[in-house]
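Novice: Here it is: the structure, laid out below.
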Amino acid sequence: MNLTPGRNVWCTAKAERAAILVDAAAYFGAVRAAMIQARRSILVAGWDIHSQTRLTGGDGAPDDGYPEQFAEFLGALAQERPELDIRLLLWDFSVVYAAERDPFPTLTLRWNTPRGIRLCMDDCVPLGSSQHQKLVVVDDALAFSGGIDMTIRRWDTSAHSIDEPRRVDPAGKPYRPFHDVQMMVDGEAARALGDLVRARWENAACETLAPAECGNDPWPAQVAPDFEHVTVGIARTQPRYEDEPEHYEVEQLFLDSIDAAERSIYIENQFLTAPRIAERLAQRLAERPELEVLIVTLDSHDSWLEAHSMLAGRVRFTQTLKRAGGDRVLVAHPQVADGGRSVATMVHAKVMIVDDAILRVGSANLNNRSMGADTECDLVIVAGSDNERRRIAHTRARLIGDHCGVTADEACAAIEQAGGSLIAAARALRRDGHSLEPIVDDPERAGELPAVFENIADPERPVGAESFLTRAFGGYLPARHIGTMTKVVAAGLLVLGVALAWQFVPLADPNTVKAAFAAIAQSHAAPVLVVGAFLAGGLVSFPVTVLIGATAAVFGPVTGFCYATAGSLASALATYAVGAALGKRTLLDLLGPTLNRLRQRVARRGVVTVAAVRLVPIAPFTVVNLVAGASGIPVLAYAAGTLIGMLPGLIMISAVGHQLARVFTSPSTSDLALLALFVAGWVALSLAVQAAVSRYWRMRP
């Protein structure tokens, strides 16, 4: 099989050394040793990062003088070496996973660590997708990629003992044996992975990081390389997001690897649902009668969500293979028994070995999400010499041997004795209670939930508001604006909902505000008093929509528009000044790299965003004002952009001021219809202004 950039890999790069780290004890020990040797940079990108991860190897507590827990360990490094730049890129995870995560990552990994450690919550994926890569890069000289997150409930040794006392979470609760695999590379391959993490950081934090090459060699002394002077391919899944193009090299690499199989395919994977992969495996089994497929996966899913969304897909996947290959297909799980007790090992690894020619380790599961919805990164080695083929065969034997309680050499001998059959060797090998046991899923249990739930949990491509809006507008809207359009429509719906709920949940009493403004209208100082009310309201986050509506209702559409515009702009500039006084450093400590994204949006693409937050009666625009002031955006440019962003809402509210006041107090059916028309008009006007401003930005040199 050929590795072709742009087809089945992003790029190929040389590694002077590469090693396969089996299970998290080996990985955590190696990455700890590498980080201790870091001189310029540590980059970590993960689906999950937990501050209390015990960063230890298999030999017990570390004796290097640094703390054991991840956040404290990094903090000690940052205090000791102020020049060390540490960046943590954590997926801004779905609430579905909240119970399994560090509950306050911003507190534990940003606010409670030295300034040399920067955390960014990565939400630059389509709605419903996740950032699933698991990468660590040290000084651009050494990189790790695979299936292991820098988080809790991952640590285990390859012994997978039932009673391992160190296999507990921070609360002291034991968890079952856990199997995973990571690959470690240096040289050009490490630099390429550094570029990949920096690109994600730039996308998420709007901050460009310079390469960190410094001539350092942080390769851990305790790890012997499995490969030397080898070419490594890097494959990605990257769904389309705003200006970022889509890349599906991961899926193509799976398909091309299967097509190259002659005798055996060995797979370790957490999920088995991708129909195109199953169909291609079945096709190859039909084409090659001597081909066999051994798949090692978990026996059952730990969470309710995974059990009900992935099981039906696994049943279809395995049935497709069985129909094509029969006894030449074995789907099994590792089991550890001790006396009358037995427990199934949790398989989290993402490994594929084809014959003795292709070795692949990565983050991609064999499910639909990994093929097209989540971000992924897989590393692959295609043997170019007899020595590399021997090393690939040895790695496969080591993995099978670990599951069956024997050494790699013993597993190699068993495979050779079985005439090269992985399945026969796997069935025969068992020692000290370790074995590979066949999985037999119940098809009836797999069909308990509707297919629509499965499609949402395991989509082939991102599905969400972006796709809905694209279809709703007939493909007219540019992709880069769809996320903003979603916010505008959501804000409009929220305004409508607030109108309906106001009678029951008085966010602010419009009658009281209107009465106060009516009293102000009798004063000669009315303009000054109205602007003062807007200033005070902005500083205490009072709903600006109420102020604008009351102004229009009391002073009429023309005068009210002028007063409301002046007051809203004054309020925005006042909080801008507060942000400037606080300074960028203070806000950066509070908001982290998110500050850069807010700054960019306010400075260049903030028209619809400003309009949306101004009309939602919870005043989140105050945060944007603070960020703008702290970020050094020119005050005149910001004032002009703010005014443009506010105009659609100001015009619409002022035009229907008297009616709008009645809608919020004692609405009739016709009043609610009027409000719906108002919201539609506001959205349309906002989109029109956004289109005009966006066209202006595109035409700028």
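The values are calculated or read from the model by the stated rules, or taken from the named source; none is laboratory data. What you see is a predicted model; the values in this text were computed from it and never measured. Methodologically, a virtual Cβ is constructed for each residue, glycine included, from the backbone with ideal geometry; neighbour enumeration extends over all protein chains shown. When the accessible area is computed, the model is the full protein with side chains, heavy atoms only, and any ligands, DNA or RNA have been set aside. Shrake-Rupley method; radii C 1.70, N 1.55, O 1.52, S 1.80 Å.
Novice: Might you tell me the accessible area per residue for the range 308-437, computed with a 1.4 Å probe and given in Å²?
Specialist: About 33 Å² of surface per residue is accessible.
Novice: OK, next. Normalised by the residues of the range 363-437, what does the relative contact order come to in percent, with Cα pairs under 8 Å and at least six apart?
Specialist: 21 percent
Novice: Right, something else. Going by average Cβ neighbours within 10 Å, how do the peptides 139-148, 29-38, 244-253 rank, with the highest at the top?
Specialist: Ranking, from highest mean packing down: 139-148, 29-38, 244-253.
Novice: How long is the gain from Q37 to A418 if the chain were fully straight, where each residue apart is worth 0.36 nm and the alpha carbon distance is subtracted?
Specialist: 132.7 nm
Novice: Could you pull out the trypsin sites (Lys or Arg not before Pro) across the range 326-364 that fall in loop regions by DSSP (anything but H, G, I, E, B) with no more than 12 other Cβ atoms inside 10 Å?
Specialist: Within the range 326-364, no trypsin sites (Lys or Arg not before Pro) qualify (loop, at most 12 other Cβ atoms within 10 Å).
Novice: Same structure, new question: Determine, from the Cβ-Cβ distance of A640 and A428 and an R0 of 60 Å, the FRET efficiency 1/(1 + (r/R0)^6), rounded to the nearest 0.05.
Specialist: Here the calculated transfer efficiency is 0.20.
Novice: Given labels modelled 7 Å from the Cα in the Cβ direction, how far is it in nm from D442 to R390?
Specialist: 5.0 nm
Novice: Quote to one decimal, in nm, the extra length available between A521 and D409 on full extension: 0.36 nm per residue of separation minus the C-alpha distance between them.
Specialist: Contour length minus the Cα-Cα distance gives 31.2 nm.
Novice: Quick one: grab the alpha carbon gyration tensor of the range 338-426, order the square roots of its eigenvalues as a ≥ b ≥ c, and give me rounded if a/c is under 1.5, else prolate or oblate depending on whether a/b is larger than b/c.
Specialist: Oblate, since a/c reaches 1.5 and b/c is not below a/b.
Novice: Okay, moving on. Using a 1.4 angstrom probe, figure out how much accessible area the range 55-173 has per residue, in square angstrom, rounded to the nearest whole.
Specialist: Accessible surface, normalised per residue, equals 39 Å².
Novice: Also: Ranked highest first by average number of other Cβ atoms within 10 Å, how do 172-179, 229-236, 200-207 line up?
Specialist: 229-236, 200-207, 172-179
Novice: Shifting gears a bit: About the Cα centre, and with charges only on the beta carbon of Lys, Arg (+1) and Asp, Glu (-1), how big is the dipole of the range 165-278? Nearest 20 debye, please.
Specialist: Computed about the Cα centre, the dipole is about 740 debye.
Novice: Now a separate question. Carbon-plus-sulfur fraction of the accessible area of the range 74-159, 1.4 Å probe, in percent?
Specialist: Heavy-atom surface of the range 74-159 belonging to carbon and sulfur, 1.4 Å probe: 57 percent.
Novice: Accessible area of the range 202-336 with a 1.4 Å probe: how many percent of it is carbon plus sulfur?
Specialist: C and S atoms contribute 45 percent here.
Novice: Counting heavy atoms of the protein chains only and a 1.4 Å probe, report the per residue accessible area for the range 181-238 as a whole number of Å².
Specialist: On a per-residue basis, the range 181-238 sits at 35 Å².
Novice: Okay, moving on. For the pair D63 and V168, what calculated FRET efficiency results from E = 1/(1 + (r/R0)^6), where r is the Cβ-Cβ distance and R0 = 22 Å, to the nearest 0.05?
Specialist: 0.55
Novice: Please get the size of the charge dipole for the range 126-212, origin at its Cα centre, with Cβ charges of +1 on Lys and Arg and -1 on Asp and Glu, quoted in debye to the nearest 20.
Specialist: The calculation lands at about 400 debye.
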